[in-house]
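Single-structure report; data block below.
Just so it is clear, none of the values below were taken in a lab; they were calculated from the coordinates. Computed from a prediction, not measured in an experiment: that's the story for all the values here. Note that we place each Cβ from the backbone using ideal geometry, even for glycine, and neighbour counts take in every protein chain shown.
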Amino acid sequence: MKTLICIGECMVELAETGPGRYARGFAGDTFNAAWYARRALPDDWQVGYASCIGEDAISEEMTAFIEGEGISTRMLRRVPGRTVGLYMISLAEGERSFAYWRGQSAARLLADDADWLEGVLSQADHVHVSGITLAILAPDARARFLDALGAARRQGLGVSFDTNVRPRLWESEAATRAAMTAAAGVSDIVLPSFDEEEALFGDADPAATIARYAGAGARTVVVKNGPSPMLGWDGGDPVEIPVAPVEAVVDTTAAGDSFAGAFLAARLTGADLGQAMAQAATVAGRVIGAPGALVR
Ligand code: AMP
């Protein structure tokens, strides 16, 4: 049995279904990636989600949901006095807007217990983290987290990193750039989106994004670019793979998360770079053609 562990924050989602009425769900970038990886991986792979939650009823409901989706919750740490984060999706004339309550969420403490974190990493064959995983940590905790990842990687752990740049979650652009670069240095696979990298680093084109993350230490880089072709590199010549057009884009939520989950599943089970990119783009294309983060 092999184990993939995704680490980050899963939140309660309240999505407006009519004036003042909401449907409750659970989502979050690395959790979504775990969900898509679970669907794509064979049974000899276990998928787990590692994060911190509270000891309250909603934390238990989230745990039951994750478990019910076939994802192990053994690596969820319960923090007394904290609870899970929340976001609401409001609809105004068909446009979605998001509001977040996550500033004090339990997940912000996921690097505070070094023994727990080391235990999580020691149980994995591969771990997946994102720029949001890093953004929610205090600067000293972020540094400890990256150190722990680096140490585990030197022991043979595989690491993937979806850059997922969310400027509102970061204390400064300089801190964001430093963390992205440091994370690439402890990662085998880096999955950036070109528009975010262009805005943050001023990259001229996807090849420049690859060169920068390769220079930081990544071994595989796949630059996504919305409907434009993807550019991938794993040590040889860069591979360009086209993206099939999606006729009606309904909701782009989780495009990148589903891409990450499907890409990892393909790579972990032996697909070559181009095959894995094409499979991931097919899944992402289906996800943006339907509403919500988790498209069954
Ligand atoms: P992004 O992070 O926006 O670059 O998107 C991640 C992946 O989702 C892309 O590499 C595509 O595979 C897919 N995707 C995103 N937007 C579109 C679109 N408009 N049409 C088709 N595929 C898309």
Which one is nearest to the ligand (Cβ to nearest atom), of the residues in the stretch 161-192 that are within 19 Å of residue 8 (Cα to Cα) and hydroxyl-bearing (Ser, Thr, Tyr)? 163
Taking the conditions exactly as written (touching a residue at least 24 places away in the same chain (Cβ under 8 Å) and either under 21 Å from residue 33 (Cα atoms) or away from the ligand (no atom under 13 Å from the Cβ) (or both)), does residue 203 satisfy them or not? no
When you look at residue 50, is it among the small types (Gly, Ala, Ser), farther than 16 Å from residue 258 by Cβ and surrounded by fewer than 19 Cβ atoms within 10 Å (Cβ to Cβ), yes or no? no
Mind listing whichever residues of the stretch 148-196 are of a type in the set (A, V, I, L, M, F, W, C) and outside any helix (DSSP H, G or I)? 157, 159, 161, 165, 170, 186, 189, 190, 191
Yes/no for residue 31 being assigned to a strand (DSSP E or B), among the aromatic types (Phe, Trp, Tyr) and more than 16 Å from residue 158 (Cα to Cα): no
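Yes/no matrix, rows are residues, columns are (1) of a type in the set (D, E, K, R); (2) farther than 24 Å from residue 166 by Cα; (3) within 15 Å of the chain's Cα centre (by Cα):
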site: 242; (1), (2), (3): no, yes, no
site: 247; (1), (2), (3): yes, yes, no
site: 251; (1), (2), (3): yes, no, no
site: 256; (1), (2), (3): no, no, yes
site: 264; (1), (2), (3): no, no, yes
site: 271; (1), (2), (3): no, yes, no
site: 275; (1), (2), (3): no, yes, no
Before we move on, is residue 229 within 15 Å of the ligand (Cβ to nearest atom) and farther than 20 Å from residue 32 by Cβ? yes
Only one of these is farther than 25 Å from residue 259 by Cβ, out of contact with any Ser or Thr (no Cβ under 6 Å at 6 or more places or on another chain) and not hydrophobic (A, V, I, L, M, F, W, C): 78, 39, 96. Name it. 78
Do we have any residue at all in the stretch 58-80 that's surrounded by fewer than 17 Cβ atoms within 10 Å (Cβ to Cβ) and in a strand (DSSP E or B)? yes
Taking the stated definitions as given, is residue 196 more than 15 Å from the ligand (Cβ to nearest atom) and among the charged types (D, E, K, R)? no
Please determine whether any residue of the stretch 269-288 is in contact with a Phe, Trp or Tyr (Cβ under 6 Å, 6 or more places away or on another chain), under 20 Å from residue 32 (Cα atoms), among the polar types (S, T, N, Q) and near the ligand (Cβ under 10 Å from one of its atoms). no
Filter result for the condition that a residue is touching a helix residue (DSSP H, G or I) at 6+ places or on another chain (Cβ under 6 Å), closer than 26 Å to residue 172 by Cβ, in contact (Cβ under 8 Å) with a residue 24 or more places away in the chain and more than 13 Å from the ligand (Cβ to nearest atom), over 218, 265, 260: 218
Checking residue 153 against (1) over 23 Å from residue 220 (Cβ atoms); (2) surrounded by 15 or more Cβ atoms within 10 Å (Cβ to Cβ); (3) basic (Lys, Arg), which single condition isn't satisfied? (1)
Failed condition for residue 49, given (1) in contact with a strand residue (DSSP E or B) (Cβ under 6 Å, 6 or more places away or on another chain); (2) in a loop (DSSP other than H, G, I, E, B); (3) within 18 Å of residue 120 (Cβ to Cβ): (2)
